[in-house]
Amino acid sequence: MPITNSSQLTAAIAHLKTKADLQQEELREQVNDMYESIKPANLVKRLLNRHNDSLHFTDDLIDASIGAAAGYLSKKIIPGGKQNKFKKVVGNLVELSVAGIVNKNAGNIRSAGISLLERLIKPGKPQ
């Protein structure tokens, strides 16, 4: 429909401004939804809700956490300055190596830890 006078032009401009405002609000809502969905806490919640029936998944998550914690602690144990790049690289390699090894053997480590805790909590008869 061609615009032939100023009142039609004003109405068309008002219509386009309203349309632009609605689109801007929709875009703002989509960005907020996306921002909320990528927050680490929400990612973990979604992941756990998706796999809440899977005991295997929970065990894998615990194993990975144990491995990451062991790797982090091993890196902190290694002395090194922030200025020495070689020690930083070695520290990172040790962290990744320990995390990988612990993650692969997390089941055995968990079993040993549980049995140790059971002995400490409920001491049996001395042998």
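The values are calculated or read from the model by the stated rules, or taken from the named source; none is laboratory data. This structure is a prediction, so every number in the text was calculated from the model and none was measured. Using ideal geometry, Cβ is built from the backbone for each residue, glycine included, and neighbour counts are taken over all protein chains shown.
Miscellaneous remarks
- Within segment 59-80, the set of residues being out of contact with any Asp or Glu (no Cβ under 6 Å at 6 or more places or on another chain), in a helix (DSSP H, G or I) and either without any contact (Cβ under 8 Å) to a residue 24 or more places away in the chain or of a type outside the set (Gly, Ala, Ser) (or both) comprises Asp59, Asp60, Leu61, Ile62, Asp63, Ser65, Ile66, Ala69, Tyr72, Leu73, Lys76, Ile77.
Rundown of residues vs (1) out of contact with any Phe, Trp or Tyr (no Cβ under 7 Å at 6 or more places or on another chain); (2) outside the structural domain of Leu61 (by TED's automatic domain parsing); (3) assigned to a helix (DSSP H, G or I); (4) more than 30 Å from Leu61 (Cβ to Cβ), yes/no style:
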| position | (1), (2), (3), (4) |
| --- | --- |
| Ile3 | yes, yes, no, yes |
| Ala20 | yes, yes, yes, yes |
| Glu26 | yes, yes, yes, yes |
| Arg46 | yes, yes, yes, no |
